[in-house]
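Asker: Have a look at this one before I ask anything.
The values are calculated or read from the model by the stated rules, or taken from the named source; none is laboratory data. These figures come from a predicted structure and were not determined experimentally. Glycine also receives a Cβ, built like all others from the backbone with ideal geometry; neighbour counts cover every protein chain displayed. To get the accessible areas, we keep the full protein, side chains included, count just its heavy atoms, and leave off ligands, DNA and RNA. Shrake-Rupley method; radii C 1.70, N 1.55, O 1.52, S 1.80 Å.
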Amino acid sequence: MKKKTQHIILTIAICVAFVFVVLGAWLIFKSGKQVMNKANVEWYDENGTEFVITTADELYGVIQLSEFYDFEGQTIKLGADIVVNEGNAKDWAKKAPSRKWFPITGFKGTFDGQGYTISGLYGKSVDTGMGLFCDTQRGAVIRDFRLLNSYFSGSSEGTGSISGYGGGTFDTIYTDAILKTSYAYAGGIIGQISASGEHKITNCWFDGDITMKSEEGIYGGGITGAISGEGGIYRKDHPCQVLILYR
């Protein structure tokens with residue numbers, strides 16, 4: 001009887017230890033994911049006008065801040081090359097890298113790359129614009145950087161290396177990103193120019209790949225997939241005018 005009791009106690013102890021090991025491993029895994037996607041917003045001051053970011057965590061901070069601010073009248077500058085994920089973007093369709101990209105939304109400010117490079121972005125979405133930015137609005141200025149070794153898979157409103165949809169000014173940008181969509185509106189720079197007003201794309205170069213898979217695989221292009229009026233519909237009273245210059 002005594003041996004049987006000892007056996008039961010030992011079995012319970014082993015089970016409890018196993019539970020703690022599994023729980024500990026899960027917590028470490030979860031903590032690691034949080035660290036991989038952590039955002040640094042300490043550089044931002046809502047009353048400031050110019051900011052310089054130099055790390056991936058600070059770039060992720062722009063995502064978090066875009067939930068509350070549109071950055072109108074403010075300039076965000078790159079102060080160094082930023083690498084989000086290592087590896088080859090061509091492999092990420094089968095195996096995603098550790099750090100996922102959730103695009104910056106509703107941007108109305110200036111994003112000045114100052115000649116630096118962003119690389120290693122991996123983003124996948126089914127219900128919103130996908131790119132470095134989800135959407136850039138009229139008055140936004142995006143300029144002077146390279147976006148390399150990146151992969152974006154999107155659908156619905158638009159998929160582009162730099163912006164899913166919207167508009168603004170895009171100047172002196174090079175990108176070799178891989179773009180995939182199961183719907184329409186895919187463009188090397190911006191998926192769909194849909195904001196009313198005047199927009200400019202100058203000195204931009206797309207050297208990546210675009211794949212559109214579905215019966216709706218229409219409106220694709222090397223610079224932009226579609227140009228329409230306000231809200232994605234061309235209207236004579238709210239025309240969308242776009243100047244695209246090649247140099």
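Asker: Within region 189-207, can you find the residues that are farther than 16 Å from ILE118 by Cα and crowded, with 18+ Cβ neighbours inside 10 Å?
Answerer: The answer is ILE190, GLY191, GLN192, ILE193, SER194, ALA195, SER196, HIS199, ILE201.
Asker: State all residues of region 167-185 that are modelled with pLDDT of 95 or more and assigned to a strand (DSSP E or B); if no residue qualifies, say none.
Answerer: THR169, PHE170, ASP171, THR172, ILE173, TYR174, THR175, ILE178, LEU179
Asker: Another question about this same structure. How many residues does region 67-117 hold that are in contact with a Pro (Cβ under 9 Å, 6 or more places away or on another chain) and under 27 Å from ASP171 (Cβ atoms)?
Answerer: The qualifying residues number 3.
Asker: Moving to a separate point now. List every residue pair whose Cβ atoms lie under 9 Å apart, where the two residues are 6 or more positions apart in sequence or sit on different chains, the first residue falls within region 79-98 and is closer than 20 Å to GLY115 by Cα and open to solvent by less than 70 Å² (accessible area, probe 1.4 Å), and the second residue, located anywhere, is acidic (Asp, Glu) and modelled with pLDDT of 95 or more.
Answerer: Cβ pairs passing all conditions: ILE82/GLU58.
Asker: Looking at LYS3, LYS90 in this structure, which one is modelled with pLDDT of 95 or more and assigned to a helix (DSSP H, G or I)?
Answerer: None of the other options fit; the residue is LYS90.
Asker: Against the definition (closer than 26 Å to ALA186 by Cβ and crowded, with 19+ Cβ neighbours inside 10 Å), how does GLY123 come out, yes or no?
Answerer: Spelling it out, GLY123 is indeed closer than 26 Å to ALA186 by Cβ and crowded, with 19+ Cβ neighbours inside 10 Å.
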